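Asker: Take this structure first; my questions come after.
Please treat every number below as a calculation from the coordinates, not as lab data. Just so it is clear, the structure is predicted and the values come from calculations on it, not from any experiment. Glycine gets a Cβ as well: all are built from the backbone with ideal geometry, and neighbour counts include every protein chain shown.
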Amino acid sequence: MRSPTDHTARLRGAAVGASSGAVAILAHGLGGGATLTQGSALPLLVGACTVIGVVVATLRPRYGLAGTMGLLAAGQALGHAALSMPPGHHHHSTPAGMLIAHLVAIPVGALVIRAAETGLRRAVTGVRRFLLALGAVLTPPTRPVHARVADDRAEARRLLVSPGIGRRGPPVAAASSIHLAPI
């Protein structure tokens, strides 16, 4: 049974955001596009990859590998747009190298991300089982507790002998001035 909390969401978001940025840089380099030293390309790319990473981390993975591929494609499109925005960058046509890099990176990246999620889940489950087994071995054995049956006479004797909560009666200074018998 799966937990309602997805513990791998942050990993998935970081992986999709980082790989989107890396593939955008690679594909732009293969296609002869802008390098990161030109103007505001790097801040735009970091911002776009951060946005896609946060969005992916907040979404639940409902569609498995196809959903991860769609999110990677959206991230790469944002990365491509961020690298294409600085002034002086022109694409009259999409070079084949850039398109091939994007198309190959989407399924490969999705497979790697899903494999990392599965590996993380298995590792966390293994550690959790090991700690539970270790905790079961290290617990000290408990001795059987025998309930004592209290005798009514012993209970009355304890109440008479014990001082209880405190003294009953007025304080000492007040007790000397109060006379119980008429004078």
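Asker: Let's test the formula: R0 of 35 Å, r as the Cβ-Cβ distance of Met85 and His7. What FRET efficiency results, to the nearest 0.05?
Answerer: 0.50
Asker: What does the charge count near Val56 come to, summing +1 for each Lys or Arg and -1 for each Asp or Glu among other residues with Cβ under 14 Å from its Cβ?
Answerer: +3
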